[in-house]
Amino acid sequence: MSVLDRLKDAVGAKGFSTDPSEIAPHLEEWRGKYHGHSPLLLKPASAADVSAALRICHETGTPIVPQGGNTGLVGGQVPLNGEVLLSTKRLNRLRGVDESGMTCTVEAGVTLAEIQKCADERRLLFPLSLASEGSCTIGGNIATNAGGTHVLRYGMTRALVLGLEVVLPDGTVLDMLRALAKDNSGYDLKQVFIGSEGTLGVITAATLRLFPKPETCVTALAAVPSPEAAVALLGAMQSQTGGLLSAFELMPRIALEFVTRHIAGARDPLAAPSPWYVLLEATGGRHANLAATFEDALASAVTAGLVTDAVVAASDTQAAALWKLRESISEAQKREGASIKHDIAVPVAAVPAFLAKATHAVLEVVPGARPVSFGHLGDGNIHFNFNALAAGNDPAFLALWDEVQQVVHDIVKEFGGSISAEHGIGVMKRDSLPRYKSHEELDAMRALKAAFDPKNILNPGKMIPPVLRL
Ligand code: FAD
Ligand code: ZN
């Protein structure tokens, strides 16, 4: 029997597809940068199915690529070399919620939006929040250690995971679904799989931390004269609200213009244009008088010249409209045309100097490119993006991607930053990793990969750069 037939047998009739029209959507990703091909889509419905499939792949040396919602931005989920594709779409059960312990256990293919809804219905909060939340899965979020807009208060996905169920490349099932805040009984193995981009094991289920649902939420859009003012505003608002900020997102004027131009119903809520804006959110309990504290703090910031104008949402609808401005930036940028993107982090206080230096350096390479640098200033994470000089497709501009990326990443390194704050390495940044990470660190990563996946069958060619022998 062929390997593909053995795999089909292992997962049963509902557990696979060879229909090209069903496989096709799994082969393209959101940015249209990577295109894959695969002879077989596996759709296991249990950890036992995943285990059976991986055992066969391990035994026969058959490469396999795990995929969740296919919203990853670095090509990690795409079978670029005709690998078998393993979709988690049928691992979609909610296994249980512990309301008093504030945890839930879900299978890997459950979408982030479904988990948020499940928590919300119980007056609880699952704080991970991304623009792709309707499609991305918790398995993918964990595999990429996703960030998003509420990291400032709640941390990255890593901080939200208490337990994991993982199938190793040889089919061994690791049941680590413990709902414990404290567990120092040996290596915390789950951490190795969080952010491993599908290279060390297939995550089949997770136990997640939930939080009390905030009773009060204050949202504002503030016009600020500069990134320096935005950083000062962050410090002022954090200290005056006692650390209750849950989001602090920076946007340049051009991002707001793209959104109001391309996204139906979006409008600029402030009277005069400003070079920069910050979307701020603070949350707390019902009796915390948070709104008054927040507005006093904003008024002080106006007096101090950190803020030139601001609108505080008067209703949930208005707050949603402000969030829509921020969350539509990627989509609006896409509709505007060609763009070169980076997902970098530097220490928060260094963001203004980084923006100045790196923007100048990119404009030397591509005069006239339009900087659209926005993102999670509260985490020092900027989506340092550039649109081409004019709207529309521009292959000549996109051909400069690697050159521009290297210029930007070299400056990131100077500032002690990271070339991937939240999207991961995948294939997009794999080959540039040795320029920014030490040999020693890369060798330790390779040793870990070899220990878990000695035959290199699980998502081969992703994240870990090959050893270059000169
Ligand atoms: P996929 O894209 O399917 O896979 C991503 C990686 O995880 C691949 O390497 C894959 O092999 C691996 N993988 C998937 N599932 C498993 C599993 N069960 N076990 C092992 N490995 C697995 N990301 C952020 O961090 N912050 C953002 O703010 C953000 N905003 C975004 C906005 C938009 C509009 C889009 C399109 C994407 C955004 N992303 C963001 C990126 C993306 O949504 C995240 O990386 C997300 O976590 C990927 O989840 P997924 O289920 O789609 O995974
Ligand atoms: Zn982001």
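Observations
- Residue within region 172-182 that is surrounded by 21 or more Cβ atoms within 10 Å (Cβ to Cβ) and aliphatic (A, V, I, L, M) present: no
- Region 87-125, subset closer than 29 Å to residue 331 by Cβ and free of Cβ contacts under 8 Å to residues at least 12 places away in the same chain, residue surrounded by the fewest Cβ atoms within 10 Å (Cβ to Cβ): 121
- Looking only at residues in region 201-216 that are surrounded by 13 or more Cβ atoms within 10 Å (Cβ to Cβ) and farther than 20 Å from residue 111 by Cα, the one that is nearest to the chain's Cα centre (by Cα) is 214.
- Strands (runs of 3 or more DSSP E) wholly inside region 341-433 that include at least 3 residues being in contact with a helix residue (DSSP H, G or I) (Cβ under 7 Å, 6 or more places away or on another chain): 370-376, 381-387
Residues are listed down the side, and each one gets a yes or a no for (1) at pLDDT below 95; (2) under 11 Å from the mean Cα position of the chain (by Cα); (3) surrounded by fewer than 21 Cβ atoms within 10 Å (Cβ to Cβ); (4) at positive phi:
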{"site": "127", "(1), (2), (3), (4)": "no, no, no, no"}
{"site": "132", "(1), (2), (3), (4)": "yes, yes, no, no"}
{"site": "135", "(1), (2), (3), (4)": "no, no, yes, no"}
{"site": "142", "(1), (2), (3), (4)": "no, yes, no, no"}
{"site": "148", "(1), (2), (3), (4)": "yes, yes, no, yes"}
{"site": "151", "(1), (2), (3), (4)": "no, yes, no, no"}
{"site": "157", "(1), (2), (3), (4)": "no, yes, no, no"}
{"site": "160", "(1), (2), (3), (4)": "no, no, no, no"}
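- Restricting 46, 38, 51 to those that are over 21 Å from residue 460 (Cα atoms) and not acidic (Asp, Glu) reduces the list to 46.
- Test: residue 456 is closer than 15 Å to residue 339 by Cα, within 16 Å of ligand 1 (Cβ to nearest atom) and at pLDDT 95 or above: no
- Taking region 445-470 as the range and being assigned to a helix (DSSP H, G or I), under 24 Å from the mean Cα position of the chain (by Cα) and in contact (Cβ under 8 Å) with a residue 60 or more places away in the chain as the test, the residues that pass are 448, 449.
- Here residue 389 fits the description: away from ligand 2 (no atom under 16 Å from the Cβ), modelled with pLDDT under 95 and of a type outside the set (S, T, N, Q).
- Within region 79-197, strands (runs of 3 or more DSSP E) holding 2 or more residues that are out of contact with any Lys or Arg (no Cβ under 8 Å at 6 or more places or on another chain) and more than 16 Å from ligand 1 (Cβ to nearest atom): 94-98
- Residue match in region 439-455 (condition: under 23 Å from residue 348 (Cα atoms) and either of a type outside the set (Phe, Trp, Tyr) or within 16 Å of ligand 2 (Cβ to nearest atom) (or both)): no
- So residue 74, is it assigned to a loop (DSSP other than H, G, I, E, B) and out of contact with any helix residue (DSSP H, G or I) (no Cβ under 7 Å at 6 or more places or on another chain): yes
- Among the residues of region 270-294, those that are out of contact with any helix residue (DSSP H, G or I) (no Cβ under 7 Å at 6 or more places or on another chain) and either without any contact (Cβ under 8 Å) to a residue 24 or more places away in the chain or not in a helix (DSSP H, G or I) (or both) comprise 270, 271, 272, 281, 283, 285, 286, 287, 288, 289, 292.
- When restricted to residues that are in a helix (DSSP H, G or I) and touching a residue at least 24 places away in the same chain (Cβ under 8 Å), region 1-39 contains 12.
- Region 416-444 - residue that is among the polar types (S, T, N, Q) and within 18 Å of residue 194 (Cα to Cα) and, of those, nearest to the chain's Cα centre (by Cα): 420
- With respect to (1) free of Cβ contacts under 8 Å to residues at least 40 places away in the same chain; (2) assigned to a loop (DSSP other than H, G, I, E, B); (3) of a type outside the set (A, V, I, L, M), the lone exception for residue 69 is condition (1).
- Answer from 256, 290, 306 - the residue that is under 25 Å from the mean Cα position of the chain (by Cα) and crowded, with 20+ Cβ neighbours inside 10 Å: 256
- Each residue in region 387-406 was checked for being free of Cβ contacts under 8 Å to residues at least 40 places away in the same chain and in contact with a Lys or Arg (Cβ under 8 Å, 6 or more places away or on another chain), and 2 pass.
- Failed criterion for residue 198 (all others in (1) at positive phi; (2) surrounded by fewer than 22 Cβ atoms within 10 Å (Cβ to Cβ) hold): (2)
- Test result for residue 234, assigned to a helix (DSSP H, G or I) and at pLDDT 95 or above: yes
The values are calculated or read from the model by the stated rules, or taken from the named source; none is laboratory data. Please read all numbers here as calculations on a predicted model, not as lab measurements. Heads up, the Cβs are rebuilt from the backbone with ideal geometry, glycines too, and the neighbour counts pull from every protein chain shown.
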